[in-house]
Amino acid sequence: MIDKLRITPQAQADVIALTGIDRARAHSWINIHVRKAVRVSSNAYQYENFLFYTERPGERTKIVRVRRVNVAQDTETRALETADNEGNVAIDGITIRKHAIDRAVERFGVPRERAAQWIYDRFRESNVVVENIRSLTNEGHVYATKGIAIGVDTDRKTIRTVYYSTKKFPPIISDKVRDVVAKEMRKLERKISAINKTLPLQKAALEYERAERVLALVSTRSLAKKMALQARINALDTHLNEINAELASLVEQKKHVATALIAI
């Protein structure tokens, strides 16, 4: 039971937009219905299919917004209960970042009040397309469903963004294309795995030789020897850069192949 109540102009405007009642009746409409409502979270009360969002400055409760929801939409209620101050939402242990919610609204036209649940539903029906896609430091994975891509952190419990490819193939072609693209993905994965296995030892050997050459360069007085040592150091640096560039190129290729797989 809410005893001391303040109703903001925004809440009254929400009710007018939702119900079409006269402005003069909006304040009393909220006052009557919110007292019949059931508390569903720390900052929301629900009456039938209306949610009343609250703040509590001091002793007086403030009704700041009013929204309409589906009565059976329990999962959305859970999302409201776990929304944080930064706009991130958690549903069943999955955190949906505000950035992902913004992108769902912007790119897919999902109403903001439904965006977190919409993303969560798409994630539940999706499959992993490619792992460790963002960079060499294993920043995240990509899941996809029906042309919708979902960027997920390495913990697989945080959704960062959603995006899409609009080109779609008919089923008679898509199965064959998917097999070809998936085969290319596996080939790139094997190459990247092979490089990652040998890379630490290669780098260590090159860096060890480089350190020896740098030490000799500092120690020698012979100009000819200095030139020869510097040339070898430059060659070692070039080789190290080539190894890193090859791996970066393969990771970038994997990213593009993943985009094609998402679109199928």
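Structure data summary
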read-out: Condition met for Lys187 (out of contact with any Cys (no Cβ under 6 Å at 6 or more places or on another chain), surrounded by fewer than 16 Cβ atoms within 10 Å (Cβ to Cβ) and at pLDDT 80 or above); value: yes
read-out: Members of region 50-76 that are modelled with pLDDT under 80 and either part of a loop (DSSP other than H, G, I, E, B) or buried (at least 18 other Cβ atoms within 10 Å of the Cβ) (or both); value: Arg56, Pro57, Gly58, Glu59, Arg60, Val69, Asn70, Val71, Ala72, Gln73, Glu76
read-out: Checklist (1) at pLDDT below 90; (2) farther than 25 Å from Glu246 by Cβ; (3) in a helix (DSSP H, G or I) applied to Ala216, failing item; value: (1)
read-out: Filter result (in a strand (DSSP E or B) and polar (S, T, N, Q)) within region 89-132; value: Thr95, Asn127
read-out: For Arg210: the one exception among (1) of a type in the set (Lys, Arg); (2) outside any helix (DSSP H, G or I); (3) modelled with pLDDT of 85 or more; (4) over 17 Å from the mean Cα position of the chain (by Cα); value: (2)
read-out: Complete set of residues in region 252-264 that are modelled with pLDDT of 70 or more and surrounded by 18 or more Cβ atoms within 10 Å (Cβ to Cβ); value: Lys254, Val257, Ala258
read-out: Count - residues of region 31-49 that are in contact with a Phe, Trp or Tyr (Cβ under 7 Å, 6 or more places away or on another chain), not polar (S, T, N, Q) and not in a strand (DSSP E or B); value: 4
read-out: Selection status of Ala182, closer than 30 Å to Tyr120 by Cβ, surrounded by 16 or more Cβ atoms within 10 Å (Cβ to Cβ) and at pLDDT below 85; value: no
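The values are calculated or read from the model by the stated rules, or taken from the named source; none is laboratory data. Predicted model only: the values in this text are computed from it and were never measured. So basically every Cβ, Gly included, is an ideal-geometry build from the backbone, and we count neighbours across all protein chains shown.
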